Amino acid sequence: MQLIIHRGAHQVGGNCVELNCRGSAILLDIGLPLDSNFDDDLESNLPQPLFDQIRHGTKRIDAVILSHAHMDHFGLAGMLPEGIPLYCSHATADLMDITSKIRPPSVLSVTPQFYKNREPFCIGPFSITACIIDHSAFDSYALLISMGGKSIFYTGDFRAHGRKAKTFEHLIKNSPHVDVLVMEGTMVGSRSNETVLTETELEKKFIQLIAETPGIVLVTASSQNIDRLVTIFKAAKHTQRRLIVDFYTAEVLERLGKYARIPQASWPRIRVCYPKFMTQRFRSLGLTDMLAKHHQEAVKWTRLQEMEDKVVMLIRPGFLWDIKKYLSLEGAAWVYSMWPGYLDKSQPLKKLQSYLQENGVRIEYLHTVVMLK
């Protein structure tokens, strides 16, 4: 048995781990590097010499197993040659399908096969068991792989402070015997300048901030971080405000609603907005069905003008035109609720931040990982 880390040992994201045994080989994740840009040439991001070997037939890959639906774990799956089976959960496939519609077309062009939580399946000499774990990506898994009398546990990305923290506790109490642990290491090492909040603790901070804010509360968070969307929805409901999401977020929530009870655009305390440039982009991509699907729950921007003090609104940089045209921002607050690295590298985010600062908007950072002052 041989284990090869093609990428991920010296950077955050872009995971690609190879296992081979008795002439068979599998890949665990095939991710896009976290520091890549939206319009980068995907060829330049391929882990080499692995892809050249696959394309030239000097290395055979029997399957790729994906742990979860974050781009730094699946983003290069569409660059694989045809005929290599890809395995993931049903919810991960749904998220990848949504993502592929708005990313470059070569990001994903494969039809996956599915695994289920703690139901072993075999690929050649490999016996693989997926174990559900807590992570910001919906329906994330660690992978237990046995072959040749040895076993490897690949954690994927995990945490113990989300809304599925019990899965981590269960794993610790019922940990399998393994010969090798391949672990996500973002939080390894000295973190004396940081503290970690649970989603429940974060919810209380959102409630406090919303209660203190006389105007609209704007929040920037990932549409696919379902735990965070639940946190924001609960905080908005507790403070008697409506949650406003864009039509793409509404689509994500609807697609994943068959797997868990999560907020839906059809719920009374949620409404859907249609930002100008985002709407134009989706129309240009031919995604008119997605645009039309949530019109019944739509709220007009002119109506939002009249109810700024009664809503919490998820926003992204592409909303800036609409914010400038329709919102007064009097007594408003903006909460950035994502990894701070995105804010450091994204010019559109910086532009949004600058505009809000110039207009006297209170700006706060609320995330589960907090830098201590």
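The values are calculated or read from the model by the stated rules, or taken from the named source; none is laboratory data. Quick caveat, the model's predicted, so the values are computed rather than measured. Positions of Cβ are backbone-derived with ideal geometry, glycine not excepted, and every protein chain shown enters the neighbour counts. The accessibility values were calculated without ligands, DNA or RNA, using every heavy atom of the protein model including side chains. Shrake-Rupley method; radii C 1.70, N 1.55, O 1.52, S 1.80 Å.
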Q: With a point put 7 Å past each Cα toward its Cβ, work out how far His238 is from Lys166 in nm, to one decimal.
A: 2.0
(Q) Let's test the formula: R0 of 22 Å, r as the Cβ-Cβ distance of Glu43 and Thr288. What FRET efficiency results, to the nearest 0.05? (A) 0.10
Q: Could you tell me the convex hull volume per residue, in Å³, taken over the Cα atoms of the chain?
A: 142
Q.
Under 8 Å for C-alpha pairs, at least 6 residues apart: give me the relative contact order for the range 200-358, rounded to a whole percent.
A. 33
Q. In sequence order, what are the phi-derived ³J(HN,Hα) couplings for the range 60-71 according to the Karplus relation 6.51 cos²θ - 1.76 cosθ + 1.60 with θ = phi - 60°, rounded to whole Hz, with x for glycine and proline?
A. 9, 10, 7, 5, 10, 10, 9, 8, 6, 9, 9, 4
Q. Hey, got the Cα dimensions of the range 1-138 along the principal axes, in Å, largest first?
A. 39, 33, 29
Q.
With a 1.4 Å probe and all protein chains left in place, how much accessible area per residue does the range 217-273 have, in Å²?
A. 33
Q: Treating the Cα atoms of the range 113-210 as identical point scatterers in vacuum, please give the log10 of the normalised Debye intensity I(q)/I(0) at q = 0.14, 0.23 Å⁻¹, two decimals.
A: -0.63, -1.28
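Taking only protein heavy atoms and a 1.4 Å probe, what accessible area per residue, in Å², does the range 110-180 have with all protein chains in place?
That works out to 47 Å² per residue.
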Q. Over the chain, what is the relative contact order in whole percent, taking alpha-carbon pairs under 8 Å and six or more residues apart?
A. 12
(Q) What's the ranking of 340-349, 73-82 by average number of surrounding C-beta atoms within 10 Å, highest first? (A) 73-82, 340-349
Q. Carbon-plus-sulfur fraction of the accessible area of the chain, 1.4 Å probe, in percent?
A. 51
Q: Quick one: which residues, 5+ away or cross-chain, put their amide H under 5 Å from the amide H of Leu34? H built at 1.01 Å from N.
A: Gly14
(Q) As a test of the formula, what do you get for the chain when each DSSP H run with n ≥ 4 contributes -39,500 (n - 2.57) and the sum is divided by the residue count, at 222 nm and rounded to the nearest 500 deg cm²/dmol? (A) -8500 deg cm²/dmol
Q) Just by accessible area at a 1.4 angstrom probe, what is the order of Arg255, Arg241 from largest to smallest? A) Arg255, Arg241
Q | Spatially proximal aspartates and glutamates relative to Lys204 (Cα-Cα < 16 Å; intrachain offsets below 8 disregarded) | A | Glu212, Asp227, Glu364
Q) Based only on the alpha carbon positions, what is the Kirkwood hydrodynamic radius of the range 244-334, in angstrom? A) 13.9
Q) Mean Kyte-Doolittle of at least 0.5 and a Cα length of 30 Å or more along the axis: which whole DSSP H helices of the chain meet both? A) none
Q: With a 10 Å radius around each residue's Cβ, average the other Cβ atoms per peptide and rank 214-225, 295-306, highest first.
A: 214-225, 295-306
Q | Test item: Cα-centred dipole of the range 114-191, Lys/Arg +1 and Asp/Glu -1 on Cβ, debye | A | 200
